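Remarks on the structure that follows.
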Amino acid sequence: MTSIVKPRIDKHLRRNQLGLTVRDYEGVMSTLCAGCGHDSVTAAFVQAFHEMNLEPHRAAKVSGIGCSSKTTAYFLGQSSGINSVHGRMPSVATGAAAVNPDLYYIGVSGDGDSLSIGIGQFAHAIRRNLNMLYCIENNGVYGLTKGQFSASADIGTKAKYGEVNEQPPIDPVLLALSLGATFVARGFSGDKKQLVPLMKAALAHKGFALIDIVSPCVTFNDHKGSTKSYAHTYEYYHPVIHADFVPEEAEITAEYQDGGAITVPMHHGGNVTLRKLGRDYDPRDRDQAFHLLRTREGSEVLTGLLYIDETKPDMGDMNRLPDEPLNVMDYSKLCPGSAKLAEVMKGYS
C-alpha cells in the first residue's frame, strides 16, 4: 500500500556525485499488479536520474488518469507532481513549463490517456515542441477499467473475454514523426539496458521527447490472441485469470546486440519479437525512420532512438519566454510605472 514507508537500507549502495543513492530517487510503494511492466519503467527512471546526477527536486512529474498515470508516485518522491484530468496532462505541463522552464518535466501517460481522449493535447504539445520527456506506457488496453481495447490495439487482437478488435491502431511513434516531433524513440520495459540510455538522452534533449514504451499488462493482455507486448503471438491457449487475483510473476528482462532481434518468452507461453536498431542507423533521417517503421518484418517491434532533431527551437524560444521562473522574478523592476500606464490609457480615450 502507498501508506507503507520503504525501509531505508542504503549503507552499501553506490552514491553519485551529489552523494545520493538510488533510494533517494524512489517514491512510495507500488500498488500495481505483480509483474506489471510499468514498475520496470519506474526503475528505469530512478536509475536514469541517479546516473545523470540530477537533483530530485529539479523534476516536475505530470500525468493523466490510468494505471500508467499512477506510476509518477513511485519515483522521485522529493519532486513535485500532479495527476491531471484524463487526457489533459499536456496542457498542465505546458502551463508549468511556460512559467518555470528551470525544471525537468516528465509526463507519464498511457495509450488510452494519450491516444484517445488526449490525442488533441498530445498533438499540440508536439507542435509546440514543449520541453519535456513524454513517456507512453503502451499496453493496448485500459487496464484501470478492466481491459477494454485502447486506440493502440492491433486489428485482430482478441480481448481477454473474447471480443476481437476490428479498428485500426494509432501508432504514437508514426504520429509523432508526422507531427514533427524532435525526439522519437521506442523501448521495452523489460530491457532496462536500452531504456535507461534512451531516458537519459530524452532528458538532455531540449524540446519534446517521446518514448513509446511497450509495457505489458499482465492482468488483461496476457492471453492467447492478443498482439500487444507480453501476450504477442501466443503459441497456445491458457486459462483466463480471475480479475481479482493476479499471481506473482518474475520480471521479464532481455539483453541483445545492436541491430539484432530476440524472441522473448512471456509468462504464459507466448512470445514477443524485438529488433534493436543498429549502430549504423542515422536517427537524424526522418524519412528513413518512416520507411523502417512501415517496412519492418511482420510482427517485429522496433526499439531504440528512431528520430532526433536538435535544430528546432522549443516552445520557450519560439514564444520568447524568459529563462527565469516567474516565481523568482523581481516584479518591481519589471513594472513600467503609473506614468507609462497613463500614457497607454490615453490611446483608448
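Brief remarks on what is shown
- Restricting attention to region 104-120, the residues being closer than 30 Å to residue 23 by Cβ and surrounded by 24 or more Cβ atoms within 10 Å (Cβ to Cβ) number 6.
- Pairs, first more than 22 Å from residue 37 (Cβ to Cβ) and free of Cβ contacts under 8 Å to residues at least 60 places away in the same chain in region 119-137, second hydroxyl-bearing (Ser, Thr, Tyr) and crowded, with 24+ Cβ neighbours inside 10 Å, C-beta under 9 Å, six or more apart: 121/114
- Restricting region 130-162 to residues that are in a loop (DSSP other than H, G, I, E, B) and among the charged types (D, E, K, R), the residue that is surrounded by the most Cβ atoms within 10 Å (Cβ to Cβ) is 160.
- If only residues of region 184-219 that are assigned to a strand (DSSP E or B), out of contact with any Lys or Arg (no Cβ under 6 Å at 6 or more places or on another chain) and of a type outside the set (A, V, I, L, M, F, W, C) are counted, the one that is most open to solvent (accessible area, probe 1.4 Å) is 186.
- Any hit, region 24-34, residues being over 18 Å from the mean Cα position of the chain (by Cα), within 19 Å of residue 187 (Cβ to Cβ) and open to solvent by 20 Å² or more (accessible area, probe 1.4 Å): no
- Elements of the type helices (runs of 4 or more DSSP H) sitting completely within region 278-343 and holding at least 3 residues that are within 22 Å of the chain's Cα centre (by Cα), modelled with pLDDT of 85 or more and surrounded by 11 or more Cβ atoms within 10 Å (Cβ to Cβ): these cover 286-294.
- Residue count for region 48-93, restricted to those that are in contact with a Leu (Cβ under 7 Å, 6 or more places away or on another chain) and not in a helix (DSSP H, G or I): 7
- Residue that is nearest to residue 40 (Cα to Cα), among those in region 163-172 that are of a type in the set (D, E, K, R) and open to solvent by 40 Å² or more (accessible area, probe 1.4 Å): 163
- Pair list, Cβ under 8 Å, 6 or more apart: region 31-47 residue at positive phi, other residue among the hydrophobic types (A, V, I, L, M, F, W, C) and surrounded by 20 or more Cβ atoms within 10 Å (Cβ to Cβ): 35/218; 35/252
- Region 173-183, subset open to solvent by 10 Å² or more (accessible area, probe 1.4 Å) and of a type outside the set (A, V, I, L, M), residue farthest from residue 302 (Cα to Cα): 180
- Given (1) surrounded by fewer than 24 Cβ atoms within 10 Å (Cβ to Cβ); (2) within 16 Å of the chain's Cα centre (by Cα); (3) under 15 Å from residue 62 (Cα atoms), index of the condition residue 123 fails: (3)
- Taken over region 80-103, the criterion of being open to solvent by less than 40 Å² (accessible area, probe 1.4 Å), within 14 Å of residue 122 (Cα to Cα) and touching a residue at least 24 places away in the same chain (Cβ under 8 Å) is satisfied by 87, 89, 90, 93, 94.
The values are calculated or read from the model by the stated rules, or taken from the named source; none is laboratory data. On a predicted model such as this, the values are computed, not experimentally measured, just so you know. Counting neighbours? That spans all protein chains shown, and the Cβs are built from the backbone with ideal geometry, glycine included. Protein only, heavy atoms only, side chains kept; ligands, DNA and RNA dropped before computing areas. Shrake-Rupley method; radii C 1.70, N 1.55, O 1.52, S 1.80 Å.
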